[in-house]
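J.: Mind looking over this structure? Questions follow.
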Amino acid sequence: MSARYTQMLGAIGRAIRSMEEPAVEKIAEDTREDAFQVLIATMLSAQTRDPVTAAASARLFRVARTPRTLAKLTPSKIQKLIYPVSFYRNKAVHVKETCRQLMTRYGGRVPETLEELLMLPAVGRKTANLVLILSHASKNNICVDTHVHRIANRMGWVKTKTPDETEQALYRVLPKRWWPDVNLYLVTWGQNVCRPVYPRCRACVVSASCPRIGVTKESRL
């Protein structure tokens, strides 16, 4: 089975080279993996389209790019800067409180362990794992969002009901060399080819190996 995963992820990795990277990965590159900006951008990205995430993050970081300066902003100011990300009112409160805790508990530093990151407001496993992978170069974490969860089940790699279950299942089945990359690969693939509705199976480089579990209608493109 390891050879199958390697073959499929290798093919997807080559195919996405011509595709646009997800917003948070681009922010990580542009900021030289600044852990704070990656953390905040990932918090903003939840249930939000990439162009909106990128624009909102840029507006926010133009005004405040450190925990100290961002913690001084009012929730209403943060709301105006990040609108129209999904749940922008709640996210504004969580961002401010996260910055406050970073200052009071960690000296303005973004924690480097999963356990500490999960103690921050509204930081779940997806956000924590992505920060560790992008900013701390972790090779021991897998980040699972809705794309990864959907595609891993669609391709028959796992049979799970939630992203958290998928994460744990992928640790068991994926060769470790792929752990840091699976999010980037499958998110990019999910945005461009293996879409939630009407996936572009005819354009898929791994269609011959994919059982297409749950797919009832495909794109004709």
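The values are calculated or read from the model by the stated rules, or taken from the named source; none is laboratory data. On a predicted model such as this, the values are computed, not experimentally measured, just so you know. Using ideal geometry, Cβ is built from the backbone for each residue, glycine included, and neighbour counts are taken over all protein chains shown. Ligands, DNA and RNA are excluded from the accessible area calculation, which covers all protein heavy atoms including side chains. Shrake-Rupley method; radii C 1.70, N 1.55, O 1.52, S 1.80 Å.
J.: Residues of segment 70-80 being open to solvent by less than 60 Å² (accessible area, probe 1.4 Å) and in a helix (DSSP H, G or I), which ones?
T.: The first filter runs over segment 70-80 and keeps only residues open to solvent by less than 60 Å² (accessible area, probe 1.4 Å), leaving 70-71, 73, 75, 78-79.
Answer for segment 70-80, where residues must be open to solvent by less than 60 Å² (accessible area, probe 1.4 Å) and in a helix (DSSP H, G or I): L70, A71, P75, I78, Q79.
J.: Among the numbered criteria (1) in a loop (DSSP other than H, G, I, E, B); (2) surrounded by fewer than 17 Cβ atoms within 10 Å (Cβ to Cβ), which single criterion is violated by C194?
T.: (2)
J.: Please work out which one of (1) part of a loop (DSSP other than H, G, I, E, B); (2) open to solvent by 10 Å² or more (accessible area, probe 1.4 Å) is the condition L120 fails and give its number.
T.: Exception for L120: condition (2).
J.: Follow-up question, since we're still on this one. Which pairs turn up if I take residues in segment 19-33 that are free of Cβ contacts under 8 Å to residues at least 60 places away in the same chain and look for partners that are in a loop (DSSP other than H, G, I, E, B) with beta carbon separation below 9 Å, at least 6 apart in sequence or on another chain?
T.: Note: pairs meeting the criteria are A23/T48; A23/R49; K26/E20; I27/D34; E29/E21; T31/R65.
J.: Which numbered condition in (1) under 25 Å from P196 (Cβ atoms); (2) open to solvent by 70 Å² or more (accessible area, probe 1.4 Å); (3) not in a helix (DSSP H, G or I); (4) not β-branched (V, I, T) is the only one that N90 fails?
T.: With (1) under 25 Å from P196 (Cβ atoms); (2) open to solvent by 70 Å² or more (accessible area, probe 1.4 Å); (3) not in a helix (DSSP H, G or I); (4) not β-branched (V, I, T) applied to N90, the lone miss is (3).
J.: Those residues that are assigned to a loop (DSSP other than H, G, I, E, B) and charged (D, E, K, R), I need them from segment 126-180; list them, please.
T.: Within segment 126-180, K139, D145, K159, K161 meet the criteria.
J.: Count, please, the residues in segment 17-60 that happen to be part of a helix (DSSP H, G or I), of a type outside the set (S, T, Y) and surrounded by 21 or more Cβ atoms within 10 Å (Cβ to Cβ). Break it down stepwise before answering.
T.: Of segment 17-60, the ones part of a helix (DSSP H, G or I) are 17-18, 23-30, 35-45, 50-60.
Restricting the remaining residues to those that are of a type outside the set (S, T, Y) gives 17, 23-30, 35-41, 43-44, 50-52, 54-56, 58-60.
Okay, now just the ones that are also surrounded by 21 or more Cβ atoms within 10 Å (Cβ to Cβ), so 23-24, 27-28, 36-41, 43-44, 56, 60.
Here the count works out to 14.
J.: Please give the number of the condition A15 fails out of (1) of a type outside the set (V, I, T); (2) free of Cβ contacts under 8 Å to residues at least 24 places away in the same chain; (3) over 20 Å from G124 (Cα atoms).
T.: Condition not satisfied by A15: (2).
J.: Given the criterion of a type in the set (S, T, Y), touching an Asp or Glu at 6+ places or on another chain (Cβ under 9 Å) and in contact (Cβ under 8 Å) with a residue 12 or more places away in the chain, identify the matching residue among S86, S135. First the steps, then the outcome.
T.: Details: S86 fails: touching an Asp or Glu at 6+ places or on another chain (Cβ under 9 Å).
Matching residue, one of S86, S135: S135.
J.: Let me ask another. Hey, can you tell me all the residues within segment 197-221 that are hydrophobic (A, V, I, L, M, F, W, C), closer than 19 Å to S2 by Cα and open to solvent by 60 Å² or more (accessible area, probe 1.4 Å)?
T.: Correct list: V205, A208.
Residue-wise test of (1) free of Cβ contacts under 8 Å to residues at least 24 places away in the same chain; (2) on the phi > 0 side of the Ramachandran plot.
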residue: A122; (1), (2): no, yes
residue: D164; (1), (2): no, no
residue: A169; (1), (2): yes, no
residue: P180; (1), (2): no, no
